[in-house]
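Some notes on the structure that comes next.
Values in this text are rule-based calculations from the coordinates and carry no lab data. Keep in mind that what you see is a predicted model, and the values were worked out from it rather than measured. Cβ placement follows ideal geometry from the backbone for every residue including glycine, while neighbour counts extend to all protein chains displayed.
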Amino acid sequence: MDGMRAVVQRVNGASVVVDGRTVGEIVGEGLCVLVGVTHDDTPEKAAQLARKLWSVRILADEKSCSDVGAPLLVISQFTLYGDARKGRRPTWNAAAPGRVAEPLVDEVVARLRELGARVETGVFGADMKVSLTNDGPFTVLLEV
């Protein structure tokens, strides 16, 4: 089984809206991070992902968020574990259930904040509208 997964986009501004209200927003250069959790992920994996997100050098001039104090918008995304190899309808068997996934996404956020990051978030399990300006475009997939 794969580990914790994140789609990381270098952005120039990003926000998430729930029920017409902005619940998380970053302005200017930063990262928008969609985090997927699978069944055997652990708090240690969450800490490892947080360290990677804080130090990955994908901002302008090959800088990291830790280098320039850039903010991150972290959003839970169970669909990162969708499998559409068979048929036309994806299956979500590899995605951890909410009771497992939510505390691990929270752990990624808490560990990032411990490292000194400014972190905004979505609302776990909500119908979220995510807007962003992908700067580059620049998108990477991280797995830990």
Completion exercise
Of the residues TYR81, PHE138, ALA70, the Cα lying farthest along the dipole of the chain towards its positive end, which is defined by charges on the beta carbon of Lys, Arg, Asp and Glu, belongs to TYR81
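Which value in deg cm²/dmol, rounded to the nearest 500, describes the helix-derived mean residue ellipticity at 222 nm for the chain, given -39,500 (n - 2.57) per DSSP H run of n ≥ 4 and division by the residue count?
Working: 3 runs with 35 residues, N = 144.
The helix contribution divided over the chain gives -7500 deg cm²/dmol.
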Handout entry: In Hz, Karplus ³J(HN,Hα) per residue of the stretch 68-77 (6.51, -1.76, 1.60; θ = phi - 60°; x = Gly, Pro)
Key = 10, x, 6, x, 10, 10, 10, 10, 5, 8
Completion exercise
Note, the stretch 125-142: 3J(HN,Hα) by Karplus (6.51, -1.76, 1.60, θ = phi - 60°), whole Hz, Gly/Pro = x, goes x, 7, 7, 9, 10, 9, 10, 7, 10, 6, 8, x, x, 9, 9, 10, 9, 10
Completion exercise
Of all DSSP beta bridges with both partners in the stretch 5-130, the antiparallel percent, nearest 5, is 70 percent
Completion exercise
Nearest 10, in degrees from 0 to 90: the angle of helix 43-55 to the longest Cα principal axis of the chain is 30 degrees
Practice task
Among the trypsin sites (Lys or Arg not before Pro) in the stretch 55-96, which ones are in a DSSP loop with at most 15 other Cβ atoms within 10 Å of the Cβ? Mind listing them?
Solution key: ARG57, ARG85, LYS86, ARG88
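With N set to the number of residues, divide the alpha-carbon radius of gyration of the stretch 5-130 by 2.2 N^0.38 Å and report two decimals.
Details: Rg = 14.6 Å, N = 126, 2.2 N^0.38 = 13.8 Å.
Here the Cα radius of gyration is 1.06 times the empirical estimate.
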Problem - the stretch 11-56 and the stretch 99-144: distance between their alpha carbon centers, rounded to Å - result: 1 Å
Practice task
Report, in debye and to the nearest 20, how large the dipole of the chain comes out about its Cα centre when Lys and Arg carry +1 and Asp and Glu carry -1 on their Cβ.
Solution key: 360 debye
